[in-house]
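Contents: one structure, followed by commentary.
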Amino acid sequence: MKYSDRIQTIINMIRPCQLLADIGCDHGYVCIEAVRGGSAKAALACDIKDGPLAAASENIRNAGLEDCIRTVLSDGFEGIPADLHPDCAVITGLGGILMKRILTKAPALKQIILGPQSDQELVRHYVLDDMKYRIVRELTVLDEGKYYTLLDVAVPGPEDGPEEPYSKSEYLYGRYTDTDTAETYRAYLLHQHEVLEDAVRNAMRGCAFGAAESVRKLKEQISLVEEAMERM
């Protein structure tokens, strides 16, 4: 099957693991390809709704992988049986606030692949400052006209020294851009810059109270995007 660029990129990001947990599994394709391709020896296709799990179950049966992939009705990690211990997790297609809530209940993991749809800075703050994990690379994908940011998060190894604190711009737009998607990342930053410039022009045309403060905040956001562009 040909998958979307976003799904295929997620599949390619998975490093060898014993048990993969795909939180919000949709149709189960990530689990199927991870097991079929050998990245995961087994997988848990997890979702909070019965509908996606039914679709995932059918696809798993059609792939002949019922012995390796199990569907789990679960709100984040909370429904995963206590005797199962995933060492890699995929959490994508969710807003950053919900993603952070799910991560608060995450078990110890060697790798987490995150795809926040919003509030990326909130997710980076939580992963780096609260969980004490490291973001080892970030990939930007353009799929059906929409930009997606994917974070490759890993537990620090004993050889890893202390990392320099992230700047405000890095919390918003990342630090470790993967070279394979660098041009897409640049296009994403240019798009963000254009959106903010349009917002400034619209704010300056208005006469509402607080317009000057809105323009000031927008220009601050523009400077952060420009800082990210200068890092490339």
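Values as computed for the structure displayed
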read-out	value
Residues of the stretch 189-221 satisfying the condition of being in a helix (DSSP H, G or I) and either in the same structural domain as Arg137 (by TED's automatic domain parsing) or of a type in the set (Gly, Ala, Ser) (or both)	Ala199, Ala203, Ala211, Ala212, Ser214
Residues of the stretch 184-206 that turn out to be without any contact (Cβ under 8 Å) to a residue 12 or more places away in the chain and surrounded by 13 or more Cβ atoms within 10 Å (Cβ to Cβ), as a count	3
Filtered residues of the stretch 179-209 (kept if small (Gly, Ala, Ser) and modelled with pLDDT of 95 or more)	Ala182, Ala187
Flag if Gly93 is at positive phi and in contact with a strand residue (DSSP E or B) (Cβ under 7 Å, 6 or more places away or on another chain)	yes
The stretch 1-40, residues that are of a type in the set (Phe, Trp, Tyr) and surrounded by fewer than 20 Cβ atoms within 10 Å (Cβ to Cβ)	Tyr3
Matching helices (runs of 4 or more DSSP H) fully within the stretch 1-78 where at least 1 residues are small (Gly, Ala, Ser), at pLDDT 95 or above and out of contact with any Asp or Glu (no Cβ under 7 Å at 6 or more places or on another chain)	29-36, 50-63
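The values are calculated or read from the model by the stated rules, or taken from the named source; none is laboratory data. For clarity, every value in this text was computed on a predicted model and none was experimentally measured. Here the Cβ is made from the backbone with ideal geometry for all residues, glycine too, and neighbour counts use every protein chain on show.
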